[in-house]
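Student: Mind having a look at this structure? Questions to follow.
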Amino acid sequence: MILLFLRLLAAVALAFVAGKLVSKLKLPSILGWLIAGMILGPHAVSLVSDTLLDAVWYQSIMHVLECAVGLMIGTELVWRKIKRSGKAIIITTLTQSIGTFLVVSLVFGIVFYFSGIPLYLAFLFGGIALATAPAPALSIVREFKTEGPVTATLIPMAALDDIVGCIVFFSTIAIVAGNLSAGELPAYMIALVVLLPLIIGVVTGLLAGLVLKKERGAGPTLALLIAMILLSSGVGFWCNDLLPRPVLNFMLIGMAFSATFSNMVSEKRLDQIMQGFNPILGVAMIVVILNLGAPLDYHLILGAGLYTAIYIAARAFGKYFGAFFGAAVTKSPKTVRNYLGLTLLPHSGVSLVFTGIAVSVLAGPAPACAKIIQGTIAAAAVINEVIAVVMAKKGFEWAGEFDRQEATNNVSAVPLPPVITISRQHGSGGRMVGHQLSQQLKIPFYDHEIIERAVNSSTIDQSFFEEAETRWAGSLLDGLSRDVGQGLSVDDRVFLHQSQIIRQIASENSCIIVGRCADQVLKDRQNVIRVFIYADRKSRQHRLIHTYHETTDHALADIERTDKRRASYYSFYSGRQFGDADNYDICLNSSALGIDGCVQILKDVYRSLSAATQER
């Protein structure tokens, strides 16, 4: 057992690396995990062998992790969020999702009818085709700072789309499983396949909601959530033992469990709960997808042909024209009608989870059908993703949502008032420079004031805004959190909302803005003076000790830690290096010039630019 467990750990580590390599190609990490599963599984390297896959302890771990993965979707089933999405987005989501299901099912129904293949397989293809992978499209939103009707529609639709997909797929797979097992299971068992996991999830979710509703620290909250997941899984194991054969879907238990408690806690509290759990969810996703990929035969992918081409084409047709129809009915903007469907083409993610579930259901009673599904969908996941990412990017581009801020600024006839942005090393006195400069120039100064404005116009908890610049953006744990996100992560939402506030502030009048990547947020705005304040380590340490009353050892550690985290944040959201002179108009050494000297230089530069602006 110990040797098998070590092999599992090695496989998980290799899958993680594969996911990172695949993400470098702008493809979803989950695709790398699936491919790693196939390569490391019994049909190839056999690191994940049949002996491991059949081990009772291994299957028990998988069921618990499947329950945990259910939180990825269940936490999006929040009625408040769905209602806030608006009627137009809900209708368009339904038309493109159901439209895709009908088109793919119809096309494969015709193909399978003439091929002598069971027709129920066509509906399984339709159920799998509904799912959309929002991560590739949302990464384009983040990278190119897209803004407009298509972006505004896509973000809330990302979660709604998979909600509809889960309802349709699990209903379809339950009916198919029931029909395939009609001779082996009593009639009531067919209903239990769907209803019992939902009942277990709702009951344990109600208990979790009561326990998690109260505000607690990150550690106790995480411990309570894990305990409730284990309780939900334990009830599932107990019920499976009482049934003639184990048939319960633990992912469905996790979805119902998390959907229940998510509707009982506030949105701010839910963000806090999931912020701590997302890295664990990331690990769970890697293991579950690895487990789903291991039994898949890679030879079937290499031999995929006509069915894969039909699947990609039918799904694209359903997504595009379903979105087109929904947008037309709801009288959405023309760009939404014409280009939203292109941003919905990415497919890997939930679809691969659906495929693994379908294959596990069909493997016993209909192995030939299982091979058709796994070969077609796995091949489509690779081929479609390459095409879909390009088309999604083109969709945003053709909609005119790239560099939206730059376009707006370029057509501005009236010169914009000068704005000063200040980036700074920790302890360099950058905030003091900004504050004194604000007093002497008599223009507004924004630092913590941005947080106040952001909190007042958002449902995100204040702590996320306060800690934004000092979180490890792009770290291992952060990467795991982002790999499983169905929509924008909390950190991404914080950054985008802060950026919106910064742009709004800069449009009002001259001002000084400290930190928060303001120099890059306003990179396309006219008349921005981008400043970087730095100082030698001794001066910074002295300032922290005498101004902020930190101890000598703590001051040094604080400088090291804060600078690294600011650099991580800046690099992740701007793609540039923190402190690189090329990013700024002026770099000032406060230990050589002093605070007053820095203020005087910036005051002269500001007045010179202000005078030049007025002359235009």
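Student: Which members of region 362-379 meet the condition of being assigned to a loop (DSSP other than H, G, I, E, B) and within 19 Å of MET62 (Cβ to Cβ)?
Tutor: The first filter runs over region 362-379 and keeps only residues assigned to a loop (DSSP other than H, G, I, E, B), leaving 363-366.
ALA363, GLY364 - these are the residues of region 362-379 that are assigned to a loop (DSSP other than H, G, I, E, B) and within 19 Å of MET62 (Cβ to Cβ).
Student: Among the residues of region 245-274, write down those that are of a type in the set (A, V, I, L, M) and in a helix (DSSP H, G or I).
Tutor: Here is the first cut: in region 245-274, the residues of a type in the set (A, V, I, L, M) are 247-248, 251-253, 255-256, 259, 264-265, 270, 273-274.
Selection gives MET251, LEU252, ILE253, MET255, ALA256, ALA259, LEU270, ILE273, MET274.
Student: Taking region 256-273, which residues are surrounded by 19 or more Cβ atoms within 10 Å (Cβ to Cβ) and modelled with pLDDT under 85?
Tutor: Correct list: ASP271, GLN272.
Student: Just for region 503-528: of the residues that are open to solvent by less than 10 Å² (accessible area, probe 1.4 Å) and not small (Gly, Ala, Ser), which one is nearest to ARG565 (Cα to Cα)?
Tutor: Per the stated criteria, the residue is CYS517.
Student: Sticking with this one: Any residue in region 431-443 that's farther than 13 Å from SER510 by Cα: show its pairings with residues that are open to solvent by 50 Å² or more (accessible area, probe 1.4 Å) at Cβ separation under 8 Å, as long as the two are six or more apart or on different chains.
Tutor: GLN436/ASP596
Student: Another question about this same structure. Collect the residues in region 388-402 that are within 16 Å of PHE317 (Cα to Cα) and open to solvent by 40 Å² or more (accessible area, probe 1.4 Å), keeping them in residue-number order.
Tutor: MET391
Student: Starting from residues that are touching a Lys or Arg at 6+ places or on another chain (Cβ under 9 Å) and part of a helix (DSSP H, G or I), keep the ones in region 129-142 and report whichever is modelled with the highest pLDDT.
Tutor: Looking at residues that are touching a Lys or Arg at 6+ places or on another chain (Cβ under 9 Å) and part of a helix (DSSP H, G or I), I get ALA129.
Student: Please count how many residues of region 76-88 are farther than 21 Å from VAL490 by Cβ and either modelled with pLDDT under 70 or in a loop (DSSP other than H, G, I, E, B) (or both). Even if it seems obvious, please write down each step before you answer.
Tutor: Here is the first cut: in region 76-88, the residues farther than 21 Å from VAL490 by Cβ are 86-88.
This time we only want the ones that are either modelled with pLDDT under 70 or in a loop (DSSP other than H, G, I, E, B) (or both), so: 86.
Residues flagged as farther than 21 Å from VAL490 by Cβ and either modelled with pLDDT under 70 or in a loop (DSSP other than H, G, I, E, B) (or both) within region 76-88 amount to 1.
Student: For region 157-189: of the residues being among the aromatic types (Phe, Trp, Tyr) and surrounded by 15 or more Cβ atoms within 10 Å (Cβ to Cβ), which is modelled with the lowest pLDDT? Break it down into steps so the answer makes sense when it comes.
Tutor: So the first thing to find is which residues in region 157-189 are among the aromatic types (Phe, Trp, Tyr), and the list is 169-170, 188.
When the remaining residues are screened for being surrounded by 15 or more Cβ atoms within 10 Å (Cβ to Cβ), the result is 169-170.
Numbers: PHE169: 85, PHE170: 79.
Only one residue tops the list, namely PHE170.
Student: Does LYS81 satisfy the criteria of being under 22 Å from SER351 (Cβ atoms), charged (D, E, K, R), open to solvent by 10 Å² or more (accessible area, probe 1.4 Å) and in contact (Cβ under 8 Å) with a residue 12 or more places away in the chain? Walk me through how you get there before you give the answer.
Tutor: On the way: under 22 Å from SER351 (Cβ atoms): no; charged (D, E, K, R): yes; open to solvent by 10 Å² or more (accessible area, probe 1.4 Å): yes; in contact (Cβ under 8 Å) with a residue 12 or more places away in the chain: yes.
Against the criterion (under 22 Å from SER351 (Cβ atoms), charged (D, E, K, R), open to solvent by 10 Å² or more (accessible area, probe 1.4 Å) and in contact (Cβ under 8 Å) with a residue 12 or more places away in the chain), LYS81 does not qualify.
Student: Output yes when any residue across region 61-70 is over 23 Å from PHE170 (Cα atoms) and surrounded by 15 or more Cβ atoms within 10 Å (Cβ to Cβ), and no when none is.
Tutor: First pass over region 61-70, keeping only residues over 23 Å from PHE170 (Cα atoms): none.
No, that holds for no residue.
Student: Does any residue of region 190-197 turn out to be within 17 Å of VAL78 (Cα to Cα), at pLDDT below 90 and surrounded by fewer than 16 Cβ atoms within 10 Å (Cβ to Cβ)? Write out each step before concluding.
Tutor: First pass over region 190-197, keeping only residues within 17 Å of VAL78 (Cα to Cα): none.
Taking every residue of region 190-197 in turn, none turns out to be within 17 Å of VAL78 (Cα to Cα), at pLDDT below 90 and surrounded by fewer than 16 Cβ atoms within 10 Å (Cβ to Cβ).
Student: Something else: Consider region 22-59. How many of its residues are in contact with a helix residue (DSSP H, G or I) (Cβ under 7 Å, 6 or more places away or on another chain), within 24 Å of PRO279 (Cα to Cα), at pLDDT 85 or above and open to solvent by 30 Å² or more (accessible area, probe 1.4 Å)?
Tutor: Count: 0.
Student: Have a look at ILE61, ILE39, ILE91 and point out the one that is among the hydrophobic types (A, V, I, L, M, F, W, C), assigned to a helix (DSSP H, G or I) and under 18 Å from THR355 (Cα atoms).
Tutor: ILE39
Student: Which residue pairs have Cβ atoms under 7 Å apart, sit 6 or more places apart or on different chains, and have a first residue in region 352-378 that is without any contact (Cβ under 8 Å) to a residue 40 or more places away in the chain and a second that is open to solvent by 10 Å² or more (accessible area, probe 1.4 Å)?
Tutor: Short answer, once both residue conditions are applied: ALA370/VAL359; ALA370/ALA363.
Student: With a cut-off of at least 2 residues that are not aliphatic (A, V, I, L, M), name the strands (runs of 3 or more DSSP E) lying wholly within region 505-614. It would help to see each step written out before you state the result.
Tutor: Values: elements: 511-514, 528-534, 586-589.
Where strands (runs of 3 or more DSSP E) fall fully within region 505-614 and carry at least 2 residues being not aliphatic (A, V, I, L, M), they are 528-534, 586-589.
Student: Further, regarding this structure: Go through region 362-371 and give me each residue that's surrounded by fewer than 22 Cβ atoms within 10 Å (Cβ to Cβ) and more than 13 Å from PRO295 (Cβ to Cβ).
Tutor: PRO365, ALA366, ALA368
Student: May I pose another question? Take the residues in region 317-361 that are within 25 Å of the chain's Cα centre (by Cα) and in a loop (DSSP other than H, G, I, E, B); name whichever of them is surrounded by the fewest Cβ atoms within 10 Å (Cβ to Cβ).
Tutor: Ranking the qualifying residues of region 317-361, first place goes to LEU345.
Student: Any idea how many residues of region 474-495 are modelled with pLDDT of 80 or more and surrounded by fewer than 21 Cβ atoms within 10 Å (Cβ to Cβ)?
Tutor: 0
Student: Residues of region 147-156 being modelled with pLDDT of 75 or more and either open to solvent by less than 30 Å² (accessible area, probe 1.4 Å) or in a loop (DSSP other than H, G, I, E, B) (or both), which ones? Steps first, please.
Tutor: To start, the set of residues in region 147-156 that are modelled with pLDDT of 75 or more comprises 148-154.
Within region 147-156, GLY148, VAL150, THR151, THR153, LEU154 meet the criteria.
The values are calculated or read from the model by the stated rules, or taken from the named source; none is laboratory data. These figures come from a predicted structure and were not determined experimentally. We place every Cβ from the backbone using ideal geometry, glycine too, and count neighbours over all the protein chains shown. Quick note on the areas: whole protein, heavy atoms, side chains included, nothing else; ligands and nucleic acids left out. Shrake-Rupley method; radii C 1.70, N 1.55, O 1.52, S 1.80 Å.
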